[in-house]
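One structure below.
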Amino acid sequence: MSHLPRLYILFLLTLVVIGVNLYFYEICDFFSMVEGYQCPNKNQAISDTAITLVYCLIPGFFIRYKIFRPSDLLILLVYLMHYLGIIITYPNLNIAQFDWWRPIVCLSFTLVIIVNNIKFSYLNIRFKPVKKLSIGLSFFILFIFYFGCVLLIFRENGLNLSPPNITDVYGVREAFVNNSSLLGGYVSVISGYVLSPFMMVLALLFWNRDKVGKAAMVFIASIFLSFVIYSATGFKSVAFSSFTVILFYIFLKTKDFYAIKILSLLAITIYTFYLALPFSLINIVALHWIRRVFIVPGMNVNYFFDYFVNNNSEGWSNAPFIVSEIYYGTSGSANAGLIGDGLARAGWLGLVFNMFLFFLTLKFVDIFKTEKNKYLYGAMISTVGYALSNSSITTIFLTYGLFFIIILFIVFDRFLEKYA
């Protein structure tokens, strides 16, 4: 790889880091009356900002941006939505400051990236289905599952087709948690994060082959499923997951330096919204988006760390509820993603164990990549990146549907050979 594209990517990452940092100050002001968002160190020294930038860019330097593997995209997403938030928010929060916390996070995350870049011949495994299903049977299985999901959601939550206000979904979420069974919860999340986005991409593949009627039917079915799930659960990420997957698929299809387009769009969006903050509607949307995607995961991890250090804890199973009550003054669940979940499970050993699990997960997702499906498969993995940034690593396999993604690609292997 030439040095110019990598330097340009580091420049884009610098713009993103500075932009998220600026937003963090705005978020502290906007949510200053909300417990947990007090930022007493906003006016930190320029030298500390420079240190923050260095910590942010070190892992970014080692991420692979050209030769695509699904694991590369997964690393990039966890880096953007989880790692950056930890590094940026830590020196600004109202918590005890420990100089060695950010170096430990930086070193552990960077080591995973470097080791993942090494080619281990004995880990270079590729899955090949013994028998490929016909295209007709693949779609029959898909739509049987589709209608089963819709009927189960209606059965448990009623025929609710009134979506909640996107800025106030917590009442709907609470009702869903109280009324939904374990099966209903799994089906709703998997359908929203996996089934609906997959159908959206199938519609795009049909459209590219001028199968307009089939494309329209699958597209409408995908939109309807997302609408039903969002109305029943209030999960905002479900409302955008399908379009996010489509966007990643388009970027990945460009092949060379896909990350440049992803980071360029991200930087342009961040600064365009920032310049438009004086407009109230854009202000609410932008601050809400940046806060949820980039800021909150990092804040939660740092609050987990603060509680862990101050209480000499070796791990505690109900950490999300404790952190939510102590730092946010609510009875919710402050999930803390890959790094925070490790601390909560077993302290420092839990952090090491989770990073090892992360490495194994990266190798696992690459097993099912083929030359035909790698861009579509990578786009579907983007939802797993979001889940890893906000939930425990063990939940991505069942709750957030990584196993189900793999099953879909096995079932649709023949279709993807023809259309992908």
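The values are calculated or read from the model by the stated rules, or taken from the named source; none is laboratory data. Source: prediction; values computed, not measured. Every residue, glycine among them, receives a Cβ derived from its backbone with ideal geometry; neighbour counts consider all protein chains shown.
Of the conditions (1) in a helix (DSSP H, G or I); (2) surrounded by 15 or more Cβ atoms within 10 Å (Cβ to Cβ); (3) touching a Leu at 6+ places or on another chain (Cβ under 9 Å); (4) of a type outside the set (Gly, Ala, Ser), Ile405 satisfies every one except a single condition; which number is it?
Result: Ile405 passes all but (3).
Select from region 172-201 the residues that are more than 18 Å from Phe403 (Cα to Cα), in contact with a Ser or Thr (Cβ under 8 Å, 6 or more places away or on another chain) and in a helix (DSSP H, G or I) and list them in ascending order.
Those that are more than 18 Å from Phe403 (Cα to Cα), in contact with a Ser or Thr (Cβ under 8 Å, 6 or more places away or on another chain) and in a helix (DSSP H, G or I): Val172, Arg173, Phe176, Met200.
Quick check on region 163-178. Is at least one of its residues closer than 30 Å to Ser331 by Cα, hydroxyl-bearing (Ser, Thr, Tyr) and touching a helix residue (DSSP H, G or I) at 6+ places or on another chain (Cβ under 8 Å)? First the steps, then the outcome.
Start the filter on region 163-178 by keeping residues that are closer than 30 Å to Ser331 by Cα, which leaves 163-178.
Among the residues that remain, those that are also hydroxyl-bearing (Ser, Thr, Tyr) are: 167, 170.
Filter once more, so that each one left must be touching a helix residue (DSSP H, G or I) at 6+ places or on another chain (Cβ under 8 Å): 167.
Looking through region 163-178, at least one residue is closer than 30 Å to Ser331 by Cα, hydroxyl-bearing (Ser, Thr, Tyr) and touching a helix residue (DSSP H, G or I) at 6+ places or on another chain (Cβ under 8 Å).
Given the conditions (1) in a helix (DSSP H, G or I); (2) touching a helix residue (DSSP H, G or I) at 6+ places or on another chain (Cβ under 9 Å), and given that Glu325 satisfies all but one, which numbered condition is not satisfied?
(2)
So for region 222-234 (the condition being outside any helix (DSSP H, G or I), farther than 22 Å from Tyr386 by Cβ and in contact (Cβ under 8 Å) with a residue 24 or more places away in the chain), does at least one residue qualify?
Taking region 222-234 as the starting set, the residues that turn out to be outside any helix (DSSP H, G or I) are 234.
Subset that is farther than 22 Å from Tyr386 by Cβ: none.
No, that holds for no residue.
Within region 371-402, work out how many residues are among the hydroxyl-bearing types (Ser, Thr, Tyr) and under 24 Å from Leu416 (Cα atoms). Show your work before the answer.
If we filter region 371-402 for residues that are among the hydroxyl-bearing types (Ser, Thr, Tyr), which is where we start, we get 375, 377, 382-383, 386, 389, 391-392, 394-395, 399-400.
Next, from what is left, pick out any that are under 24 Å from Leu416 (Cα atoms): 375, 377, 382-383, 400.
The number of residues fulfilling the criteria is 5.
Scan (1) over 22 Å from Asp72 (Cβ atoms); (2) part of a helix (DSSP H, G or I) for the single condition Leu398 breaks and write down its number.
Status for Leu398: all satisfied but (2).
I'm checking my understanding of the structure. Among residues of region 262-292 that are surrounded by 15 or more Cβ atoms within 10 Å (Cβ to Cβ) and within 22 Å of Tyr377 (Cα to Cα), which one is modelled with the lowest pLDDT?
Ile262
Just a yes or no: is a residue in region 207-217 of a type in the set (Val, Ile, Thr) and either under 19 Å from Tyr377 (Cα atoms) or touching a residue at least 60 places away in the same chain (Cβ under 8 Å) (or both)?
Taking region 207-217 as the starting set, the residues that turn out to be of a type in the set (Val, Ile, Thr) are 212.
If we keep only those that are either under 19 Å from Tyr377 (Cα atoms) or touching a residue at least 60 places away in the same chain (Cβ under 8 Å) (or both) as well, we get none.
Within region 207-217, none of the residues are of a type in the set (Val, Ile, Thr) and either under 19 Å from Tyr377 (Cα atoms) or touching a residue at least 60 places away in the same chain (Cβ under 8 Å) (or both).
Restricting attention to region 126-146, and to residues there that are loosely packed, with under 11 Cβ neighbours inside 10 Å and either of a type in the set (A, V, I, L, M, F, W, C) or modelled with pLDDT of 75 or more (or both), which single residue is farthest from Leu287 (Cα to Cα)?
First, the residues of region 126-146 that are loosely packed, with under 11 Cβ neighbours inside 10 Å: 126, 128, 130-131, 134, 136, 144.
Adding the requirement that they be either of a type in the set (A, V, I, L, M, F, W, C) or modelled with pLDDT of 75 or more (or both) leaves 130, 134, 136, 144.
Details: Val130: 49, Ser134: 47, Gly136: 45, Ile144: 40 Å.
Applying the filter and picking the extreme gives Val130.
Is it the case that region 343-361 has a residue that's of a type in the set (Ser, Thr, Tyr) and not in a helix (DSSP H, G or I)? Don't jump to the end; show me each part of the working.
Start the filter on region 343-361 by keeping residues that are of a type in the set (Ser, Thr, Tyr), which leaves 361.
Going one step further and asking which of them are not in a helix (DSSP H, G or I), we end up with none.
Checked against the condition, which is being of a type in the set (Ser, Thr, Tyr) and not in a helix (DSSP H, G or I), region 343-361 yields no hits at all.
Of (1) more than 23 Å from Gly85 (Cβ to Cβ); (2) without any contact (Cβ under 8 Å) to a residue 24 or more places away in the chain; (3) among the small types (Gly, Ala, Ser), Ser333 satisfies all except one. Which?
Looking at each condition in turn, Ser333 falls short on (1).
Which numbered condition in (1) modelled with pLDDT of 90 or more; (2) in contact with a helix residue (DSSP H, G or I) (Cβ under 8 Å, 6 or more places away or on another chain) is the only one that Phe154 fails?
(1)
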